[in-house]
Amino acid sequence: MQPRKTIHRMTRRMQNWDYAQRCIYMITCTLADRTREWLGHLRQKTPASPVPAHSCAGNGGWFIDPTPDGVAALEALAEMPLHYPQVKILEVQLMPEHLHFMPFIQETLPKPLGELIRGFKAGAVKRWKDLRKNPPASSVPAHSCAGSPVPAHSCAGGSVPAHSCAGNGELEIPRWSPGFTDTILFREGQLETMKAYLRDNPRRLAEKRLHPELFKVVRNLALPLDNGRLIGHFSAIGNHNLAKRPMALVQCSRSFFRYERVATTNGDMKIAHDASGEPRVELATQEYQALKEHLLALAKHGVVLISPCVSDGERQIAREALAAELPLISMHNKGFSNLQKPAGRQFDACAAGRLLMLAPAAWHYQPGEKAMTRKDATAMNRLCQWLAGALENEIDYHGACPENIDELAHRTARITEPD
């Protein structure tokens, strides 16, 4: 059997989707070198240092102050609707080494969206080369992007030091990574949710820089299992100290709780969401309500909830714990990328030290979604049970051999015995 070819996330596209048709997208283009602030610098608004004109002030007053290279990239993006009037740019968020924007394809394009993005990238590179030939003055005029379709709050200008475009006099030119990432906005309410996410990006970056230890991806975190009789190894993001506190296992039968599901265009079933982006509930029994209230009460008294996040009920209790700002350890069925960060409520919980995300060390990161198999679910349940220790629940594995379950857990977490 031939090994499956891994397609990098930046070049993956939805199969059988027409990228020229009417639709709204969220696009991310990143630079090849993500260690330098080519496009802008993170700043915070203060009484003595207000937000420069046309820069973006998000939550907490954090914003991105564009470099000349950043302004040039935004000007190149602003030309897209001039060449293709079918496109309207709804939102833009510049970051130090990548760019988010939301194009609304109002009418069918003469060519796929990828061709337009390729042209935008080429236009930005041309401007970057011109900047090296003709360095800017000590500041970028506030009106430098005036009249462009880029929204005024989307980081399109501001006062910038003259040397910012080239890094201490160097003549290097930023390079784009191949391809781009896209999110197709299908659901009602998804547009405003995505806009809010983009506007919050500077604050999220500030949180990562203020608490780097909580967002660092650790590849081989050793944790005691089964009351210290074993040592398991995990990939991890978040507060490792949560694993040292008393834990309660979240285990919820599918007969107690489930989300509503709807058929997709290709015949698969997916969870249905309401206008605010929350999953719609189809079944929530009294047993589920009692279990949830018991676990959340424990968490309010300092116990850390640990959830394999396999069943709908386990995922929902984890969601409610995050919403209530309670401590949580969540298990995941694949590893984490080097640049991965939690999303939504998970991000704020991570910044506050209330979240630890774990994945068994043998399950490496792979782009895209990974289907949850029975073996995955069984191993995750057993590992969460061993991590919970004295507060563990009994798990019904429906006829699966306990010896095989233990062997599976040993392999996935590369379990060893303490020295």
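The values are calculated or read from the model by the stated rules, or taken from the named source; none is laboratory data. Being a predicted model, the structure only gives us computed values, none of them experimental. Backbone-built Cβ (ideal geometry, glycine too); neighbour counts: all protein chains shown.
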Here the residues within segment 317-350 that are hydrophobic (A, V, I, L, M, F, W, C) and within 14 Å of the chain's Cα centre (by Cα) are F336, L339, A343, F347, A349, C350
Which of the residues spanning segment 360-382 are outside any loop (DSSP other than H, G, I, E, B), hydrophobic (A, V, I, L, M, F, W, C) and touching a helix residue (DSSP H, G or I) at 6+ places or on another chain (Cβ under 9 Å)? A379, M380
Those residues that are surrounded by fewer than 18 Cβ atoms within 10 Å (Cβ to Cβ) and under 21 Å from P327 (Cβ atoms), I need them from segment 188-216; list them, please. K208, L210, H211, P212, E213, K216
Only strands (runs of 3 or more DSSP E) wholly contained in segment 269-353 count here; list those with 3 or more residues that are closer than 23 Å to A409 by Cβ and not polar (S, T, N, Q). 304-307, 328-331
Among the residues of segment 93-116, is any under 16 Å from G40 (Cα atoms), part of a helix (DSSP H, G or I) and either under 27 Å from the mean Cα position of the chain (by Cα) or at pLDDT below 95 (or both)? no
Residues that are farther than 15 Å from I64 by Cα and touching a Pro at 6+ places or on another chain (Cβ under 7 Å), drawn from segment 89-112: I89
Select from segment 31-64 the residues that are among the aliphatic types (A, V, I, L, M) and at pLDDT 90 or above and write down the one among them that is farthest from G179 (Cα to Cα). L42
Would it be correct to say that F234 is aromatic (F, W, Y), in the same structural domain as M357 (by TED's automatic domain parsing) and within 14 Å of R315 (Cβ to Cβ)? no
All positions within segment 359-377 that are loosely packed, with under 14 Cβ neighbours inside 10 Å, among the charged types (D, E, K, R) and under 19 Å from the mean Cα position of the chain (by Cα): E369
Give the number of residues within segment 223-239 that are at negative phi and surrounded by 18 or more Cβ atoms within 10 Å (Cβ to Cβ). 10
Does R175 count as among the basic types (K, R) and modelled with pLDDT under 90? no
All positions within segment 240-259 that are touching a helix residue (DSSP H, G or I) at 6+ places or on another chain (Cβ under 9 Å) and either among the aliphatic types (A, V, I, L, M) or touching a residue at least 60 places away in the same chain (Cβ under 8 Å) (or both): H240, A243, P246, M247, A248, L249, V250, Q251, C252, S253
Kindly indicate the residue of segment 207-238 that is assigned to a helix (DSSP H, G or I) and touching a helix residue (DSSP H, G or I) at 6+ places or on another chain (Cβ under 7 Å) and also nearest to Q44 (Cα to Cα) among those meeting that condition. E207
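Return yes or no: is P402 modelled with pLDDT under 90, in the same structural domain as V218 (by TED's automatic domain parsing), farther than 24 Å from N220 by Cα and surrounded by fewer than 21 Cβ atoms within 10 Å (Cβ to Cβ)?
Criteria met by P402.
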Being among the small types (G, A, S) and in contact with a His (Cβ under 9 Å, 6 or more places away or on another chain) is the filter here, so list the residues in segment 96-122 that pass it. G119
Scanning for something at pLDDT below 90, among the basic types (K, R) and out of contact with any Gly (no Cβ under 9 Å at 6 or more places or on another chain), does segment 364-372 turn up at least one residue? yes
Kindly check whether there is at least one residue in segment 278-287 that is assigned by TED's automatic domain parsing to the domain that holds L326, within 23 Å of the chain's Cα centre (by Cα), exposed (fewer than 14 other Cβ atoms within 10 Å of the Cβ) and over 30 Å from A222 (Cβ atoms). yes
